[in-house]
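S.K.: First the structure, which I've put down as structure tokens, then a few questions once you've had a look.
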Amino acid sequence: MPERTIYFDHAATTALDARVLDAMLPYFTTEYGNASSIYTLGRHAMQAIDSAREQVAEVLGCRPTEITFTGCGSESDNLAIKGIAHAAQKKGNHLITSSIEHHAVLHTCQYLERFGFKTTYLPVDAYGMIDPDDVGRAITDQTILVSIMYANNEVGTIEPVAEIGRICRARKVPFHIDAVQAGGSLPLSVAELNADLLSLSAHKFYGPKGVGILYVRQGVRLLPQLQGGSQERGRRAGTENVAGIIGAAAALRLAQEELPLVSPYISTLRDRLITAILAIPRSRLTGHPTERLPNNASFSFEGVEGESILLNLDLLGIAASTGSACTSGSVDPSHVLIAMGLPPEWSHGSLRLTLGKENADADVDVLLSELPGILEKLRNLQG
Ligand code: PLP
């Protein structure tokens, strides 16, 4: 067994930052009050949530009342899309998104289609980039929401969201950004992004799992999707996950504070990976060459299965990811690679390496010394 995991899957999740854990711990033990209770212990919990909300609002450059804490990034996406759709259904029934969104967005749109909504799924180019003019062309007088991701979770392409937001605002259509993959890597000013709604997930930036954040610009009408108590100003019923909320806010603040240091460090490691891996025969980079997340190095290898690469890396203690998904016994390439027009001989062999601040040059050395041999072995096996 390898001594330790070399972790190259930070787009899947991250370890909790020790400072975040310290901030959370009292809210599991001594400060266990329910934030709805009016006695001191409850008020402490509510004060902690208020202060977390202020911290998040400061990072996003918005009002604290525009922040709702949810149970995950998927819930934030669901609340944004269903919440707008249900509130605006008298105005129109048309949604616009892209063909490379996360399933939290795609499946939500598909679900709404069962109830009479219609969705335009915009295409992307070979780099996974959306053309903002396509958004402008797709808007009709029935359009009630545009939802586009800040950066793609598989190939790391950063979308021109500020420009898309500008177009939406000019046409008076609310704009939602799924910023789940960008929270730890890119600036998040909602004013500069022209966002009306924005989703985040704490476990992607060294915060706890099970906490999402949704920004909703004041004045945007949204119907709650969970009925019950009046927590989160009536937007999301349910006793607040106090420790999780404290952790999410602390993690977001730290991630954004450390961005100027961490981003160049990680992108140097990323570029080492990209340069060396592209020297391997029959390999190509997936996603945009320059407009990509600082931590994302994703590839495609002709004539191999991504799953087999992962299993071989795992035997060496290296954790990575592939865009393929195993459905009913066969391995299908991801909807993202298909939308980018990657031929099947290439799209089956995808490998996503996503770096984090705890990765070092030595981790990259290990991967680079092992990967060429793994690919050669797999290609020989397949004849
Ligand atoms: N949106 C994107 C772009 C993601 O990458 C993910 C998770 O990978 C989600 C939404 C869902 O977030 P969560 O895992 O917190 O539900």
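The values are calculated or read from the model by the stated rules, or taken from the named source; none is laboratory data. It should be emphasised that the depicted structure is a prediction, and the values quoted were computed from it without experimental measurement. As a convention, Cβ positions derive from the backbone with ideal geometry for all residues, glycine included, and neighbour counts pool all protein chains shown. When the accessible area is computed, the model is the full protein with side chains, heavy atoms only, and any ligands, DNA or RNA have been set aside. Shrake-Rupley method; radii C 1.70, N 1.55, O 1.52, S 1.80 Å.
S.K.: Hey, among the residues in segment 189-204 that are within 13 Å of VAL59 (Cβ to Cβ) and surrounded by fewer than 24 Cβ atoms within 10 Å (Cβ to Cβ), which one's farthest from the ligand (Cβ to nearest atom)?
M.R.: Among those residues, the one meeting the criterion is ALA191.
S.K.: Please return the ranges of helices (runs of 4 or more DSSP H) entirely within segment 30-139 where 1 or more residues are of a type in the set (Gly, Ala, Ser) and within 16 Å of the ligand (Cβ to nearest atom).
M.R.: The qualifying helices (runs of 4 or more DSSP H) are 73-87, 103-113.
S.K.: Listed residues GLY210, GLY229; which is within 12 Å of the ligand (Cβ to nearest atom), more than 23 Å from SER263 (Cα to Cα) and surrounded by fewer than 24 Cβ atoms within 10 Å (Cβ to Cβ)?
M.R.: Exactly one of GLY210, GLY229 is within 12 Å of the ligand (Cβ to nearest atom), more than 23 Å from SER263 (Cα to Cα) and surrounded by fewer than 24 Cβ atoms within 10 Å (Cβ to Cβ), namely GLY210.
S.K.: Got a sec? Which of ILE374, ILE309, ILE338 is assigned to a helix (DSSP H, G or I), modelled with pLDDT of 95 or more, surrounded by 13 or more Cβ atoms within 10 Å (Cβ to Cβ) and over 27 Å from the mean Cα position of the chain (by Cα)?
M.R.: Numbers: ILE309 fails: over 27 Å from the mean Cα position of the chain (by Cα); ILE338 fails: over 27 Å from the mean Cα position of the chain (by Cα).
Sole residue among the options that is assigned to a helix (DSSP H, G or I), modelled with pLDDT of 95 or more, surrounded by 13 or more Cβ atoms within 10 Å (Cβ to Cβ) and over 27 Å from the mean Cα position of the chain (by Cα): ILE374.
S.K.: Continuing with the same structure: Of the residues that make up segment 148-169, is at least one open to solvent by 10 Å² or more (accessible area, probe 1.4 Å), away from the ligand (no atom under 16 Å from the Cβ), in contact with a Gly (Cβ under 6 Å, 6 or more places away or on another chain) and not polar (S, T, N, Q)?
M.R.: Scanning segment 148-169 turns up at least one residue that is open to solvent by 10 Å² or more (accessible area, probe 1.4 Å), away from the ligand (no atom under 16 Å from the Cβ), in contact with a Gly (Cβ under 6 Å, 6 or more places away or on another chain) and not polar (S, T, N, Q).
S.K.: Which pairs do you get when a residue that is on the phi > 0 side of the Ramachandran plot and modelled with pLDDT of 95 or more, found in segment 61-84, comes within reach of a residue that is among the small types (Gly, Ala, Ser) and more than 16 Å from the ligand (Cβ to nearest atom), reach meaning Cβ atoms under 6 angstrom, with the pair 6+ apart or on two chains?
M.R.: Taking only residues 6 or more apart or on different chains, the pairs are GLY61/SER189; GLY61/ALA191.
S.K.: Let me ask something else about it. Only residues that are under 19 Å from LEU293 (Cβ atoms), away from the ligand (no atom under 11 Å from the Cβ) and open to solvent by less than 10 Å² (accessible area, probe 1.4 Å): list them for segment 174-188, please.
M.R.: Correct list: LEU188 only.
S.K.: Still on this structure, I have one more. Just one of GLU240, GLU258, GLU192 is touching a residue at least 12 places away in the same chain (Cβ under 8 Å), part of a loop (DSSP other than H, G, I, E, B) and of a type in the set (Asp, Glu); which is it?
M.R.: Details: GLU258 fails: part of a loop (DSSP other than H, G, I, E, B); GLU192 fails: part of a loop (DSSP other than H, G, I, E, B).
Testing whether each residue is touching a residue at least 12 places away in the same chain (Cβ under 8 Å), part of a loop (DSSP other than H, G, I, E, B) and of a type in the set (Asp, Glu) leaves just GLU240.
S.K.: Yes or no: ASN241 open to solvent by 30 Å² or more (accessible area, probe 1.4 Å), in contact with a Phe, Trp or Tyr (Cβ under 8 Å, 6 or more places away or on another chain) and closer than 30 Å to ALA297 by Cα?
M.R.: No, not satisfied.
S.K.: Another question about this same structure. Spot the failing condition for ALA251; the list is (1) in a helix (DSSP H, G or I); (2) under 25 Å from THR322 (Cβ atoms), and only one is missed.
M.R.: Single failed check for ALA251: (2).
S.K.: Condition check: in a helix (DSSP H, G or I) and either farther than 30 Å from GLU113 by Cα or within 16 Å of the ligand (Cβ to nearest atom) (or both). Does ALA12 satisfy that?
M.R.: no
S.K.: Can you tell me which residues in segment 64-111 are of a type in the set (D, E, K, R) and over 15 Å from the mean Cα position of the chain (by Cα)? Can you show your working first?
M.R.: Kept after step one, since they are of a type in the set (D, E, K, R), are these residues of segment 64-111: 66, 75, 77, 82, 90-91, 101.
Scanning segment 64-111 gives GLU66, LYS82, LYS90, LYS91.
S.K.: Give me a count of the residues in segment 10-43 that are over 22 Å from ALA237 (Cβ atoms) and buried (at least 19 other Cβ atoms within 10 Å of the Cβ).
M.R.: Of the residues in segment 10-43, 7 are over 22 Å from ALA237 (Cβ atoms) and buried (at least 19 other Cβ atoms within 10 Å of the Cβ).
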